[in-house]
Amino acid sequence: MVLSKAVSETDMSVHSTFASRYVRSSLPRYRMPENSIPKEAAYQIINDELMLDGNPRLNLASFVTTWMEPECDKLIMAAINKNYVDMDEYPVTTELQNRCVNMIAHLFHAPLGESETAVGVGTVGSSEAIMLAGLAFKRRWQNKRRAEGKPFDKPNIITGANVQVCWEKFAKYFEVELKEVKLRDGYYVMDPEKAVDMVDENTICVAAILGSTLNGEFEDVKLLNDLLEKKNSETGWETPIHVDAASGGFIAPFLYPELEWDFRLPWVKSINVSGHKYGLVYAGIGWCIWRNKEDLPEELIFHINYLGADQPTFTLNFSKGSSQVIAQYYQLIRHGFEGYRNIMENCHENAMVLKEGLEKTGRFSIVSKDEGVPLVAFSLKDRSRHDEFEISDMLRRFGWIVPAYTMPPDAQHVTVLRVVIREEFSRTLAERLVLDIEKVMYQLDALPSKLMPPTLPAPLLAATKIAVKRTELETQRSVTEAWKKFVLAKRTNGVC
């Protein structure tokens, strides 16, 4: 007699995931499930939901690296289980970090002797690096004021209104007043003269941006240094500069080697740079470099020994992966100066291809500069019927992720689209993007305007004509009032 048994519902040995009960249930969203599920089902269900994410390669909003060579991917996976802070257990990884710090410091012209070790640290990104640099500036200022017998409870920092949000976080989290230099039409970076005018005895530093997030433009660090040199000599304040080179730090040395923005300028005391942007590493690595040891107060450095040996640490995080540090070292020795220069030149040339293609359409004004981070920021010449947000939304139908945003004060009436050109963005993709933008514009031309009522009677149309000097809010109010009058005029007493 032949015996047989029914296959239980939990037996996955003869079923595919899509033939199982696991695809008939919703994934948990708020509580951990009571029961386990097979690893194949967990993988398949999560992987399927992730398909709804955008394509990272077509995410033109981000400065962050989305492609690396397979050999580097192997190194990353091999080190995925190494905790970076276990320096005594992973001494080679620690050595690779120190090599990266030294290489980047020399790239930024730190005044080091032939065998002198640079002062710097690897971070999870430029946000952490900026927090650390800001803390060092605050502590040095406090120590100086305390030694002079002066109040040290009202520190401030000066930036342009174009800074990334991490500067606002630093000011709020660490109780430092943030004094912003406002932008203006056609000038979307910090004005050095206005910045220096705002400096007072409580200013811990002035932050200059090498590669504005808004339009990629480099701020004039040389002029800022010269103006501060004069003011410091007159006042004795010794106000320093921090350069936020998150985006531009791995661009300027290769494309603009004669540009003075780094430690060649005496008042530049620290620089941050994102390894995960144009340092060509996946997200999760940044660097902060100090000019010399005196610029990083010793009391901010902690020493621990419970992992096996004395370890100095100056971070906001503790445990973190080693993979990105190893990947940064790979990129530095793999490409060398020549390789980085070639990659940045390609990025710049492809940005120019995109810029020229957009200009040929006759529909856009270019807001970005040719010198700076390789990106193209542009806005519509005619916004009477459609705006940049509609273009951004419709480009997603072609797979492109292109952000639209308004400028900070006092240029918030300006709206732009921005395309960041990364290493893997080829000329073919640049040309294809221009074609798709033209398609979007043709489609928008055929659609009714979202900015104005489509078919107003002549008297009401006249009421909605906006004077050139009216703001967008005034325009919206005028249109709303016109519609109200139109609806009230058409009302009847009967039932429609």
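A few notes on this one:
- Annotation note: GluC sites (Glu not before Pro) in the range 186-248 located in DSSP loop regions with a Cβ neighbour count of at most 15 within 10 Å are 201, 238.
- Residue-wise HN-Hα coupling along the range 375-387, computed from phi with Karplus coefficients 6.51, -1.76, 1.60 (Hz; x: Gly, Pro): 9, 10, 10, 8, 9, 5, 6, 10, 10, 6, 10, 9, 10
- Sorted on the mean count of surrounding Cβ atoms within 10 Å across their residues, most packed first, peptides 435-447, 418-430 read 418-430, 435-447.
- Entry note: the range 267-420 has Rg to Rh equal to 1.09, where both radii use alpha-carbon atoms and Rh is the Kirkwood radius.
- Listed residue pairs exceeding 28 Å between alpha carbons, taken from 138/369; 355/439; 39/74; 277/360: 138/369; 277/360
- Between the range 179-247 and the range 278-346, the Cα center-to-center distance that results, in Å: 26 Å
- Chymotrypsin sites (Phe, Trp or Tyr not before Pro) lying in DSSP loop within the range 163-208, provided at most 13 other Cβ fall within 10 Å: 174
- Evaluated on the range 409-452, the Kirkwood hydrodynamic radius is 13.2 Å, with distances taken between all distinct Cα atoms.
- At full extension, residue 55 and residue 92 could sit 9.8 nm farther apart than now, given 0.36 nm per residue minus the alpha carbon distance.
- Inter-part distance where the range 16-36 and the range 373-421 are each reduced to a Cα centre, Å: 40 Å
- Measuring between their Cα centroids, the range 80-102 and the range 104-156 lie 22 Å from each other.
- Averaged over residues, the count of other Cβ atoms within 10 Å places the peptides 312-322, 122-132 in the sequence 122-132, 312-322, highest first.
- Helix-only [θ]222 nm of the chain, DSSP H runs n ≥ 4, -39500 (n - 2.57) each, per residue, nearest 500: -12000 deg cm²/dmol
- For the chain, diffusion coefficient by Stokes-Einstein and Kirkwood Rh (Cα), 37 °C, 0.692 mPa s, µm²/s: 125 µm²/s
- In this structure the chain gives 53 Å² per residue of accessible area when probed at 1.4 Å with all protein chains present.
- Debye-formula intensities of the range 149-286, expressed as log10 I(q)/I(0) at q = 0.16, 0.18, 0.21, 0.22 Å⁻¹, are -0.83, -1.04, -1.36, -1.46 (one equal scatterer per alpha-carbon, no solvent).
- Directionally averaged projected area (the range 104-225, Cα convex hull): 9.0 nm².
- Modelled label reach - residue 260, point 7 Å along Cα→Cβ, the range 214-248 residues with backbone N closer than 14 Å: 220-230
- Most to least packed among 365-374, 282-291 [average Cβ atoms within 10 Å]: 282-291, 365-374
- Helical segments meeting 15 Å axial Cα length and Kyte-Doolittle -0.5 threshold in the chain (DSSP H): 91-107, 427-445
- Under conditions of 10 °C and 1.306 mPa s, the range 13-126 yields 82 µm² s⁻¹ as its translational diffusion coefficient, taking Rh as the Kirkwood radius over Cα pairs in the Stokes-Einstein equation.
- Long-range HN-HN contacts of residue 321 with modeled amide H, under 5 Å: 84
The values are calculated or read from the model by the stated rules, or taken from the named source; none is laboratory data. This is a predicted model, so every value here is computed, not measured. Don't worry about glycine lacking a Cβ; one is built from the backbone with ideal geometry, like all the others, and counts go over all protein chains shown. Keep in mind that these areas ignore ligands, DNA and RNA; they rest on the heavy atoms of the full protein, side chains included. Shrake-Rupley method; radii C 1.70, N 1.55, O 1.52, S 1.80 Å.
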